[in-house]
Amino acid sequence: MPFNRKHLLGLEELSAEEITAILDAADTFKEISERPIKKVPALRGKTIANLFYEPSTRTRLSFELAEKRLSADSVSFSKQGSSVSKGETLRDTVENIQAMKVDMVVMRHQSSGAHRFLANFLDASIINAGDGQHEHPTQALLDMMTLRQRWKTFAGKRVTIIGDIMHSRVARSNIWGLTKLGASVTVCGPATMMPASVESLGEGGVTVEHDVRAAIAEADAINILRVQLERQKGRLFPSMREYFDVFGVTAEVLSHAPEHCIVMHPGPMNRGVEIGQEVADGDRAVILEQVTNGVAVRMAVLFLLAGGSLDAGTLQ
């Protein structure tokens, strides 16, 4: 299926076919990343601006690597030390960057909906690298790519997302993407960190469970989220120790899941808070595979938004 969108703002608005098209393209780009020479001229002549208004390690490096491997020219922007500190608005910043004839803008911003706001008046393609508590589409896509490599199909599969669901853009994008492809999703975490009406998210709804052992009893995969203290206005649980005692995924907790169940984490991990050391480094963890797949997914997104097409595995 051709991918004809100008922007990637979130997975809520994408169809199952469009999500599958991105994953199919990512498979091709992963093969390219395994070659001795990990570079193709697919985006030669394109200029991409990376705007990160929030801290990032994996996402930012992953996008920068993806751009280099596609032969694009890229420039990077950080909020600290920029004109934002002098009072410049988001719109003025991005319009100035576009005036330099940038083709794409990859942006992470603390405000939900910031990318959709910019899409109303920018000519450049916009890629959402995380907006507030709303969505993080490329993280969900790399999570799904990791799962598809094992499952081949999502139909009938069960994924449990554990942690700070309320403040997690990763959880929302995963819910939209997974349910559209046929998987069922259970969310688990403290009631104080569970968004209102979470059951209505996704296609077919979401199951809510507050007992972590019951939540993973039939799971094919577990996606563990960190507690996002930087987004909380007040402490939503008594202490880190108590959170780990009740919702931390330890080896004992994981023993309640089926033997084939794999463990995922979008990073950064807080060992001893949401995940035990033995689980993070265990045989079931596919966390570093997620990071590897992130470069391929972001190469695919950049390529498709630039109008590229794949024909029998050959880059056009």
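Tabulated results
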| quantity | calculated |
| --- | --- |
| Check: segment 137-290 dipole with +1 on Lys, Arg Cβ and -1 on Asp, Glu Cβ, in debye | 500 |
| Computed magnitude of the charge dipole of the chain (debye, nearest 20; Cβ of K, R +1, Cβ of D, E -1) | 840 |
| Exposure proxy order (Cβ contacts within 10 Å, fewest to most) of Asp283, Asp73 | Asp283, Asp73 |
| For Asp220, net neighbour charge (Lys/Arg +1, Asp/Glu -1) across residues whose Cβ lies under 15 Å away | +3 |
| Prolate/oblate/rounded call for segment 1-44, Cα gyration tensor, a/c under 1.5 rounded | prolate |
| With Cα atoms, 0 to 90° folded angle of helix 137-151 axis to the chain main axis | 60 |
| DSSP-defined antiparallel bridges as percent of all bridges, the chain, nearest 5 | 10 |
| Global geometry of segment 166-316, whether rounded, prolate or oblate, following the gyration tensor of its Cα atoms and the 1.5 cut on a/c | prolate |
| Prolate/oblate/rounded label for segment 1-75 (Cα gyration tensor, a/c 1.5) | oblate |
| Qualifying GluC sites (Glu not before Pro) for segment 18-99 [loop in DSSP, other Cβ within 10 Å: at most 10] | Glu34 |
| Backbone N within segment 114-151 under 13 Å of label point (7 Å from Arg91 Cα along the Cβ vector) | 117-122 |
| 0 to 90° range, to nearest 10: angle between helix 169-180 axis and the chain longest Cα axis | 90 |
| Computed [θ] at 222 nm, helices only, for the chain once each DSSP H run of length n ≥ 4 contributes -39500 (n - 2.57) | -10500 deg cm²/dmol |
| FRET efficiency, Ala99 to Lys152 (Cβ-Cβ, R0 45 Å, nearest 0.05) | 0.45 |
| Net lengthening on full extension, Arg5/Asp24 (0.36 nm per residue, minus Cα-Cα) | 5.2 nm |
| Residue order, fewest to most surrounding Cβ atoms within 10 angstrom, among Val253, Val279 | Val253, Val279 |
| Isotropically averaged projected area of segment 1-136, using the convex hull of Cα atoms (one quarter of hull area), nm² | 8.7 |
| Neighbour-count ranking [beta-carbon atoms within 10 angstrom, fewest first] of Ser184, Ser111 | Ser111, Ser184 |
| Counted charge near Arg158, where neighbours are those whose Cβ lies closer than 13 Å (Asp, Glu -1; Lys, Arg +1) | -2 |
| For segment 1-128: relative contact order, % (alpha-carbon pairs under 8 angstrom, 6 or more apart) | 30 |
| Selection from Leu225, Met166, Ala251 lying farthest towards where the dipole of segment 163-316 points positive, charges on Cβ | Met166 |
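Quick note: the coordinates plus some simple rules give every number you see, no bench work behind them. The structure presented is a predicted model; accordingly, all values stated were derived computationally and were not measured. For neighbour counting, all protein chains shown are included, and Cβ atoms are generated from backbone atoms with ideal geometry for every residue, glycine included.
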